[in-house]
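Here, each number is a calculation from the coordinates, and none is a lab measurement. Note that the coordinates shown come from a computational prediction; the quantities given were computed from them, not determined experimentally. No Cβ is skipped: glycine too gets one built from the backbone with ideal geometry, and neighbour counts run over all protein chains shown.
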Amino acid sequence: MDQSTIAASGTCADLFAAIDGLRRDLKAVILAHYYQEPDIQDIADHVGDSLALAQVAAETDAEVIVFAGVHFMAETAKILNPDKQVLLPDLAAGCSLADGCPPEAFGKFLADYPGHKVISYINCSAATKAMSDIICTSGNALKVVASFPPDQPLVFAPDRFLGAWVSRRLGRDMALWPGSCEVHEMFSEKKLVELKALCPGAVVAAHPECPNAILQHADHVGSTAAILEFARSCPEQEIIVVTEPGILHQMQKQNPGKTLIPVPGADESCSCNECPYMKKNTLEKLYLCMRDRTPEIIVDPEVARRALVPIRRMLELGR
Ligand code: 13P
Ligand code: SF4
């Protein structure tokens, strides 16, 4: 089939074959986050959490990076690879955390905290990263915060729930930017408590972007990769999952015998536990962005130069 007609009329198998061909032609690597739709995860070269994907992006020798995730992830890959083309299937795949921390407002916020070191969650714009001392993900936030001497005052941005969880775990106060993930703050505590009562043998795994009202019910709190590791290693056969349901694809593949129970959002009439930004990417858009080599991530070189410093510090610290 002619490549130009595949996206309009092709079957999934056509698209898989076409994407595979383009991957070879472009010498591209396809990176996918665990919240992407199953087909995208299945065709990707690497599926991972934010940290693992940043680590792969930092080391790849591919000529083109196709990032099936959200904008800040692709932007981080571009900052790490200024001379490579980085493609994102849908440029509108944003993030409420990144959008909720505009650099001008963040600059004013920081002016109130002289002498503080600034730790920014990777879910923020390049311009916000450029104002930070170090970046973290949910996979290494505890390690990053603990790397500062105990008497060093800290600002943590932009996720107040992740920041509060780290503060509680380490017994360490931090000034928190008041941001949140619109998906993780919407999980229903009432439904979670009901599910726990209905499934007394189940364990609860939750992402630290959730508010404490949710986390206090969890047996395990961690990044998407850590939640998957917990699901593999726990002896329990039923797992209540409090994060974006895209993760269930890998979790079910890795644990075919276990029962996975996703927690719905507070409004059960909608699928608001799904990230609307992650779900903007589709297999068709993945194909089209590779065929047309657009949308491409562009970062102002000066902003990128400054943002690279705290990203590199995070990568040197590792998971
Ligand atoms: P991790 O994959 O790092 O756990 O992050 C979750 C997330 O919300 C990404 O946007
Ligand atoms: Fe951003 Fe939340 Fe979506 Fe992750 S799940 S990309 S933090 S809006």
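See the values below:
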quantity: Lysine pairs in region 35-172 with Cα atoms under 22 Å, if 8 or more residues apart or on separate chains; calculated: 7
quantity: Length added when fully stretched, residue 237-residue 148, from 0.36 nm per residue minus Cα-Cα; calculated: 28.2 nm
quantity: Gyration tensor (alpha-carbon) shape descriptor, region 183-232, a/c threshold 1.5; calculated: oblate
quantity: Modelled FRET efficiency - R0 41 Å, residue 112 with residue 61, Cβ distances, 0.05 increments; calculated: 0.40
quantity: Cα-based reach from residue 191 at 23 Å (exclusive), listing lysines while leaving out same-chain residues under 8 positions away; calculated: 258
quantity: Radius 12 Å from Cβ of residue 197, net charge of other residues (Lys, Arg +1; Asp, Glu -1); calculated: +2
quantity: Sorted by Cβ neighbour density within 10 Å, fewest at the top, the residues 11, 60; calculated: 11, 60
quantity: Cβ-based exposure ranking for 234, 124, 12, in which fewest neighbours within 10 Å come first; calculated: 12, 234, 124
quantity: Residue 13-residue 316 FRET efficiency (beta carbon distance; Förster radius 45 Å; 0.05 resolution); calculated: 0.60
quantity: Of every Cα-Cα pair in the chain, the percent that sits beyond 25 Å; calculated: 50 percent
quantity: Cα-based equivalent ellipsoid, region 226-319: semi-axes from gyration tensor eigenvalues, Å; calculated: 32, 22, 15
quantity: Estimated FRET transfer efficiency (residue 189, residue 25; beta-carbon r; R0 45 Å; 0.05); calculated: 0.35
quantity: Contour minus Cα-Cα distance for residue 267 and residue 213 (0.36 nm per residue); calculated: 17.8 nm
quantity: Hypothetical label at residue 300: residues of region 117-151 whose amide nitrogen lies under 18 Å (7 Å Cα-Cβ projection); calculated: 124-133
quantity: Ranked 282, 128, 137, criterion: other C-beta atoms within 10 Å, fewest first; calculated: 282, 137, 128
quantity: Total formal charge among the other residues, if their Cβ is under 14 angstrom from that of residue 130, Lys/Arg +1 and Asp/Glu -1; calculated: +1
quantity: Residue 229-residue 42 pseudo-label distance in nm [points 7 Å out on the Cα-to-Cβ vector]; calculated: 2.8 nm
quantity: Debye, to nearest 20: dipole size of the chain, +1 on Lys, Arg Cβ, -1 on Asp, Glu Cβ; calculated: 740 debye
